[in-house]
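The values are calculated or read from the model by the stated rules, or taken from the named source; none is laboratory data. None of these values were measured; they are calculated from a predicted model. Here the Cβ positions follow ideal geometry from the backbone for every residue, glycine too, while neighbour counts run over all protein chains shown. The protein model used for the area step is the full one, side chains on, heavy atoms only, and it has no ligands, DNA or RNA in it. Shrake-Rupley method; radii C 1.70, N 1.55, O 1.52, S 1.80 Å.
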Amino acid sequence: MARKGDGIYKRGKVWRLDMKINGIRHQGQLGRGITRDFALELARAHRESIMRGEAGLLRKKLDMTFEEAKAVFLAAVKGAIRANTHRSYETCLDSMTDFFKGKNLSEISPFLLESWKKQRKDEAPVGFNRELGTLKTMFNWCIDNGRFQGANPCRKVKRLQESHGRERALDPDEEVKFLGACSEPLRTIVLCGIDAGLRIPSETLWLKKDAVDLRGNRITVPAVFAKNSKKESVPLTGRLREALRHTLQHNPESEYLFTKRDGRPYRTIQNIFRTAAKRAGLMDISPHVCRHTFATNLDQSGASLRTIQELGRWGDIRMVQRYSNVNERIKREAIQKMSQNSPQLIPSATDDQAISYDSNVVAIVNGKKA
């Protein structure tokens, strides 16, 4: 029953409104820590607004489920953004669907996002940052286009810190274990990253069969999928060539290289990748680790940074320097080579004598023996 009188009451430190107008009960929160007179002024303003049919503050706010928002958002921005960006949005939102399924946008709070963050922190911190950014964009779009009334909860959630040092890569033993834990087509998908340096989510999963040239021994990434928007080809290793040859024989009706049982291409491999990683006992890897492994293996084989840049299709050579693996042995060898090419007789700055550093015994040349 609505309260009589002025229709306001205080619960704790919060003044609330509870009144009935034209047989309809109206309830709502007026404010915390305010005076009774100020609460009364707010109540009168609400009453006048209701009488004019403009009670937006007390009316049920616009809301929709996560799935509805995802569908509307992706459909609206398609064609207005780059194809790769749209696919990235779709992949990120798909990976969040299981966690937010059935929840309204108003139920996705900063506290809930922190729970999602905690779950993704150990699995894929970089992936969480991409997903958080996509979710924030979707919320902003829904708010700006009148599909949701409320604050964007993503603004109160901090991104996870990403490493700016040397990137995580699989060592030879880890590579063998992981490939052994992968079933097809995941094994060949992973090889496209490790042996050809392809970006798995945005390039490998969208390859069509005509991108593979077994006779020319190369695989081509179309410009529409490439990050730098350039059509480029990468040579094939022997094991990747053989794996792709078998893959081309699978599902001949589909134009795509990697497909599910129903013939549709993969949109994401997060779940099957995570399962294979756990089976191999590797808990700190993501699909992009395959590309890191490609660059690291090239570096350890003696390839120059410029060669790694060209094969990995990086626009800036500074991106390649993260993969340089200069160990202590290489450092000692470099110093030794420099020493061998340096002059062994150094003139003294105080007289005409020259000191020989050719052995552990220091000798004086053109002078008395030390």
Counting only protein chains, not ligands or nucleic acids, how are Leu62, Leu30 ordered by accessible area (probe 1.4 Å), most first? Leu62, Leu30
Using alpha carbons only, how many angstrom separate the centre of segment 205-254 from the centre of segment 66-122? 30 Å
Taking a 31 Å limit on the Cα-Cα distance, which of the listed pairs Lys121/Lys177; Lys61/Lys121; Lys13/Lys156 fall beyond it? Lys61/Lys121
Report Ile8's accessible area, 1.4 Å probe, all protein chains in place, as a number in Å² to the nearest 10. 20 Å²
Roughly to the nearest percent, how much of the accessible area of segment 58-163 is carbon and sulfur, given a 1.4 Å probe? 50 percent
Between segment 275-318 and segment 178-198, the Cα center-to-center distance that results, in Å: 12 Å
With a 1.4 Å probe and all protein chains kept in place, how do Thr237, Thr259 rank by accessible area, largest first? Thr237, Thr259
Given a cut-off of 31 Å, name the pairs among Lys78/Lys260; Lys230/Lys278; Lys117/Lys278; Lys158/Lys260 whose C-alpha atoms lie farther apart than that in the structure shown. Lys230/Lys278; Lys158/Lys260
Within the under-15-Å Cβ sphere about Asp213, not counting Asp213, Lys/Arg +1 and Asp/Glu -1 give a net charge of +4
Exposure rank, largest accessible area first [Lys70, Lys101; 1.4 Å]: Lys101, Lys70
What is the packing order of peptides 85-91, 113-119, taking the mean over residues of other C-beta atoms within 10 Å and listing the highest first? 85-91, 113-119
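I need to check one value: relative contact order of segment 151-248, counting alpha carbon pairs closer than 8 Å and at least 6 residues apart, in percent.
Result for segment 151-248 is 21 percent.
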